[in-house]
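Take a look at the structure set out below.
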Amino acid sequence: MKNILVFIGLGLFALISVAQVPAYFTGQVKYKFQLEGGMAELAKAFIPQAISFKFGEKNMAMFTEGGMMSQMGNIIYNAETNEAFALQTAEKTAWRMNSKSGAIKLPDPVVLKESELVTIAGYPCHKYKIVTRDEKGNSSISYVWATEKLNLSPTLQGTATKQMQSFMIKGIKGLPLKMMNTEETLGTTILTAIEIKPQTVLPSEFLIPKGFVVKDFDPMSSKP
């Protein structure tokens with residue numbers, strides 16, 4: 001299941017690695033989550049039915065719907081401080097997700113813009129092929145469909161571009177509305193936008209709730 005979380009993480013930071021333009025999108029985008037083939041049947045109880053992202057000027061948040069993965073809690077990210085927290089309401093705990101250890105520097109992915117142009121959730125999207133390599137030199141291929149009609153704020157994407165290099169995908173223009181990745185064992189993971197709501201988003205919507213205790217996330221433990 002770790003690979004599913006990695007894919008969501010890649011998707012999350014692909015969303016904040018878009019070209020800078022004066023006008024930017026704020027609001028919420030809901031994605032249908034699908035896992036096909038591979039471990040799909042075994043992971044049915046774990047994976048969510050949908051994942052939503054909320055974008056502000058300097059913050060973003062991720063919400064999962066259904067499946068055991070939703071027990072991780074909502075995730076909020078502050079672009080100015082480059083901090084991410086997983087909020088667990090039952091325990092009133094905000095788990096700081098930032099790694100204090102040095103991340104492995106991986107080669108930049110190779111991004112190829114293909115000729116396919118499709119409409120997703122009412123927006124025209126160009127298809128991109130992305131070839132990445134892990135620390136062992138193994139390559140993998142994923143695909144992203146992005147629309148240049150929607151872009152995030154320069155503050156949000158700019159901070160991610162500088163400090164989230166392990167996850168960013170350079171060369172993609174616009175907001176990704178579909179992401180697909182295939183692994184031999186896991187299967188094919190697909191995120192597809194099904195609902196887009198442009199709206200004003202207040203900074204207060206990304207604050208850690210009062211009464212929550214902030215703790216550093218230990219990747220060796222089962223939390224969050």
TODO: Kindly check whether there is at least one residue in the range 186-195 that is modelled with pLDDT under 90, within 21 Å of Tyr77 (Cβ to Cβ) and of a type in the set (D, E, K, R).
DONE: no
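Checking the structure you have, find out if any residue of the range 148-157 is of a type in the set (A, V, I, L, M, F, W, C), modelled with pLDDT of 90 or more and touching a His at 6+ places or on another chain (Cβ under 9 Å). It would help to see each step written out before you state the result.
Applying the first criterion (of a type in the set (A, V, I, L, M, F, W, C)) to the range 148-157 yields 150, 152, 156.
From what's left, modelled with pLDDT of 90 or more: 150.
Still in the running and touching a His at 6+ places or on another chain (Cβ under 9 Å): none.
There is no residue in the range 148-157 that is of a type in the set (A, V, I, L, M, F, W, C), modelled with pLDDT of 90 or more and touching a His at 6+ places or on another chain (Cβ under 9 Å).
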Open item on the list: Go through (1) among the polar types (S, T, N, Q); (2) surrounded by fewer than 19 Cβ atoms within 10 Å (Cβ to Cβ); (3) modelled with pLDDT under 80; (4) not in a loop (DSSP other than H, G, I, E, B) for Thr119 and report which single condition fails.
Closed with: (3)
Task: Boolean, Phe53 is touching a strand residue (DSSP E or B) at 6+ places or on another chain (Cβ under 9 Å), within 22 Å of Glu91 (Cβ to Cβ) and either part of a strand (DSSP E or B) or not acidic (Asp, Glu) (or both) - done: no
Open item on the list: Residues to consider are Lys129, Lys173; find the one that is more than 26 Å from Ile47 (Cβ to Cβ), in contact with a strand residue (DSSP E or B) (Cβ under 8 Å, 6 or more places away or on another chain), modelled with pLDDT of 85 or more and not small (Gly, Ala, Ser).
Closed with: Lys173
Task: Conditions (1) more than 24 Å from Lys178 (Cβ to Cβ); (2) modelled with pLDDT of 80 or more; (3) among the aliphatic types (A, V, I, L, M); number of the one not met by Ala79 - done: (1)
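In the range 127-138, how many are over 19 Å from Lys32 (Cα atoms) and surrounded by 12 or more Cβ atoms within 10 Å (Cβ to Cβ)?
6
The values are calculated or read from the model by the stated rules, or taken from the named source; none is laboratory data. What you see is a predicted model, and the numbers here were worked out from it, not measured in a lab. No Cβ is skipped: glycine too gets one built from the backbone with ideal geometry, and neighbour counts run over all protein chains shown.
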